[in-house]
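The values are calculated or read from the model by the stated rules, or taken from the named source; none is laboratory data. The structure displayed is predicted, hence computed values, not measured ones. Glycine gets a Cβ as well: all are built from the backbone with ideal geometry, and neighbour counts include every protein chain shown.
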Amino acid sequence: MKTFVNFLLLVVFLIPSTVLLAQNEEGDDDMEYTGPKEGDENMYVNDIVEKRLTVENRAVSYEPIREADIAWEKRMWRVIETREKMNLPFRYPGMPLFNVFKQILENGDIVAFEDEEFKQPLSFEDIDKKLNRIDTTVVYDPETYEEKIVVVKNEIDWSTIMSYRISEIWFFDEEASMLRCQIMGIAPIHVLQDDEGGYSLPYPLFWIHYKSSRDALAKYRVFNDNNDMAPMTWTDLFDSRFFSSYIIKRSNVLDERVINLFDPNDERTPINALLESEKIKQELFNFEHDLWEY
């Protein structure tokens, strides 16, 4: 009797399991393929998922500031040397900052200016002339055995942009009781090479008004050496000041640069100018600390 009861219980437990297994097998046969289908634009995405958080990103607006709340301000100019280790993302071959500027200029998302005062906007034709250099070259024609002069357009290579110039204003906000900084403009610095191999003095190709370009720059990712998924954008980088730079000028009565304070014939002038830049940084640091009592 006991054996019969055990057998009956075993049958009772096995029957539901068999039914469920059959249902799963039938369900597997009827299951539809939900992955990317032929012709789907996401079928060949070279990533785990399509990254859209940055593409659809918008910059956070600055906090409104009244003129009456600005008790002190000082304008400064800096240079970002892209060959420094911290600034290597500016030279990331996948999408360097110079190519970002070119793309958003071609899309009409921002306006470029000739001067750092943002009073002389550049047309698309003017920008094209700055980004492309017209040269002539001699080509040998194998059919007529003659030499021909051909006009070619050489586009500026992003790798030749070694530095960027930044115009910024440091100010003390009485409402927030803190020292703040806002970037006014950014300019890629180019060095022109002539036919004889000589180089010109570094000069800004154009100026970008940063505050009006923050939304456009917020849609482009910055390469992060520690995490490819980190959604840092160019707006995040500049707002958080995640770069290394040195001061070349601060507002003064003679409108002189730091390097003009020293003898141009002295071989120690570049080092002295860099030390003066660090001195200005330290003065700014001390000014902020002197505002408080500890």
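Is the range 147-160 home to any residue that is surrounded by 13 or more Cβ atoms within 10 Å (Cβ to Cβ) and at pLDDT 90 or above?
Looking for residues that are surrounded by 13 or more Cβ atoms within 10 Å (Cβ to Cβ) and at pLDDT 90 or above, one finds none in the range 147-160, hence no.
Looking only at the range 150-179, which residues are in a strand (DSSP E or B), under 30 Å from LEU131 (Cβ atoms) and of a type in the set (D, E, K, R)?
Result: LYS153, GLU155, ARG165, GLU168.
What residue, among those in the range 56-71 that are part of a loop (DSSP other than H, G, I, E, B) and β-branched (Val, Ile, Thr), is surrounded by the most Cβ atoms within 10 Å (Cβ to Cβ)?
Across the range 56-71, the extreme among qualifying residues is ILE65.
So which of THR144, THR136 ends up being farther than 26 Å from PHE238 by Cβ, in a loop (DSSP other than H, G, I, E, B) and out of contact with any Asp or Glu (no Cβ under 6 Å at 6 or more places or on another chain)?
Exactly one residue qualifies, and that residue is THR144.
For the range 66-79, does any single residue satisfy the condition of being touching a residue at least 60 places away in the same chain (Cβ under 8 Å), of a type in the set (Val, Ile, Thr) and in contact with a strand residue (DSSP E or B) (Cβ under 9 Å, 6 or more places away or on another chain)?
Yes, some residue in the range 66-79 is touching a residue at least 60 places away in the same chain (Cβ under 8 Å), of a type in the set (Val, Ile, Thr) and in contact with a strand residue (DSSP E or B) (Cβ under 9 Å, 6 or more places away or on another chain).
Name the residue, out of THR18, THR82, THR54, that is closer than 27 Å to ILE161 by Cβ and at pLDDT below 65.
Every option except THR54 fails the conditions.
Name the single residue that is farthest from GLY108 (Cα to Cα) among those in the range 225-234 being out of contact with any Ser or Thr (no Cβ under 8 Å at 6 or more places or on another chain) and modelled with pLDDT of 85 or more.
In this case the residue turns out to be MET232.
Can you confirm whether PHE171 is under 22 Å from ASN107 (Cα atoms), touching a residue at least 24 places away in the same chain (Cβ under 8 Å) and surrounded by 14 or more Cβ atoms within 10 Å (Cβ to Cβ)?
Judged against the criteria, PHE171 is not a match.
Counting only residues that are closer than 23 Å to MET184 by Cβ and among the hydroxyl-bearing types (Ser, Thr, Tyr), which one in the range 247-292 is nearest to the chain's Cα centre (by Cα)?
My answer is SER277.
Considering only residues of the range 57-79 that are of a type in the set (Lys, Arg) and under 23 Å from the mean Cα position of the chain (by Cα), which is modelled with the lowest pLDDT?
The selected residue is ARG58.
Looking at the range 267-294, which of the residues that are of a type in the set (Phe, Trp, Tyr) and without any contact (Cβ under 8 Å) to a residue 12 or more places away in the chain is farthest from ARG257 (Cα to Cα)?
The selected residue is TYR294.
Tell me whether the range 74-94 contains one or more residues that are under 30 Å from VAL258 (Cβ atoms) and outside the structural domain of PHE242 (by TED's automatic domain parsing).
no
Please count how many residues of the range 104-133 are within 30 Å of ASP225 (Cα to Cα), in a helix (DSSP H, G or I) and touching a residue at least 60 places away in the same chain (Cβ under 8 Å).
The qualifying residues number 2.
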